[in-house]
Amino acid sequence: MTTDTTSTTPGTVHEEARIVTRTGPGKFVADTRAVFHREILLTLRDPFTLVFSLLQPLVFLGLFAPLLTGTFGGTGMSTADTLQWFVPGVIVMISLFGTSMTGSNLLYELMTGSYERVLATPLSRPAILVGRALKEFAPLVVQGLLIAVLCLPFGFRFNPLHALAGLVLLGVFGVGVGALSYALGLAAKNREWLFWGVQQALLFPLLILSGMMLPLEAGPGWMQVAAKFNPLTYIVDAERALFAGAVGDPVVLWGVLAAAITCAVGLVVGIRATRRLT
């Protein structure tokens, strides 16, 4: 039996949302869809932010790729080879930046009290986490595809099915990162400085030690050792293999494992943080 309940939240940030209450997996899927739908509508109503988020990685790619081409020039790598190495890393980077900011929107809701009204609805707690993380990830799919397509004239190549598998892998990883960011937002509450301080302190070391922007082979030995303990390293390697068509490469399996562990840990931490608040 299915019961429809309508929850209305005042103000310009929230709008009327239809929440479908079921039992079992059906409830989780319906609740996740309800949260995602409400959150993505708010994003679509802010075209400036949407356009800026699409242009930002293109500007970054346009400025950074020529530097890498010059750096790799001595190794015999062409522009196409450089893009084949660099573009998957950029796609992982924008995914990491986007999903790691899931908790930033939560800070505003905690300060205004609107988050308590969300908790008063029959939405399941895991659905709130996953729905919001997917909302942050959805625009990143568009960004990633746009970057890949625009790089085609410069020699970048990818198989659509393999690229889709790479995006699914990033989605699993992004849900975990988003849930961890959500838990950080709950812990920070109205201390915005704490959220951004911790987020930045963790984000950039992970980014640098993943070999996302520059090859770690050129770095000191301690960086290469530290990279082996960085889950993002395995995600980046898996994305490069998938976009290159090397589906059978062992790094893909390691990437799947890293994404699954990150997702599981993130959901456990996020759900516990939500339950402690309630």
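Values quoted throughout were computed directly from the atomic coordinates according to the rules given, and no laboratory measurement underlies them. What you see is a predicted model, and the numbers here were worked out from it, not measured in a lab. Here the Cβ is made from the backbone with ideal geometry for all residues, glycine too, and neighbour counts use every protein chain on show.
Just a few scattered comments:
- Summing charges over all other residues whose Cβ lies under 12 Å from the Cβ of residue 255, with Lys and Arg as +1 and Asp and Glu as -1, gives -2.
- Rounded, prolate or oblate (a/c below 1.5 giving rounded, otherwise prolate when a/b exceeds b/c) for segment 192-278 by Cα gyration tensor: oblate
- For the chain, the longest principal axis of the Cα atoms and the long axis of helix 47-72 meet at an angle of about 20 degrees.
- Segment 97-226: C-alpha gyration tensor shape, a/c 1.5 cut-off, then a/b vs b/c: oblate
- Electrostatic tally near residue 53: other residues with Cβ closer than 13 Å to its Cβ, Lys and Arg +1, Asp and Glu -1, net -1.
- Its Cα centre serving as origin, the chain has a Cβ charge dipole (Lys and Arg +1, Asp and Glu -1) of approximately 700 debye.
- From helices alone, the chain scores -25000 deg cm²/dmol at 222 nm; the rule is -39500 (n - 2.57) for each run of n ≥ 4 DSSP H residues, then divide by the residue total.
- Taking Lys and Arg as +1 and Asp and Glu as -1, the other residues whose beta-carbon sits under 13 Å from that of residue 245 total 0.
- Neighbour-limited loop hits for chymotrypsin sites (Phe, Trp or Tyr not before Pro), segment 217-254 (at most 10 other Cβ within 10 Å; DSSP other than H, G, I, E, B): 229
- Considering the chain at the alpha-carbon level, its Rg and Dmax are found to be 19.7, 67 Å.
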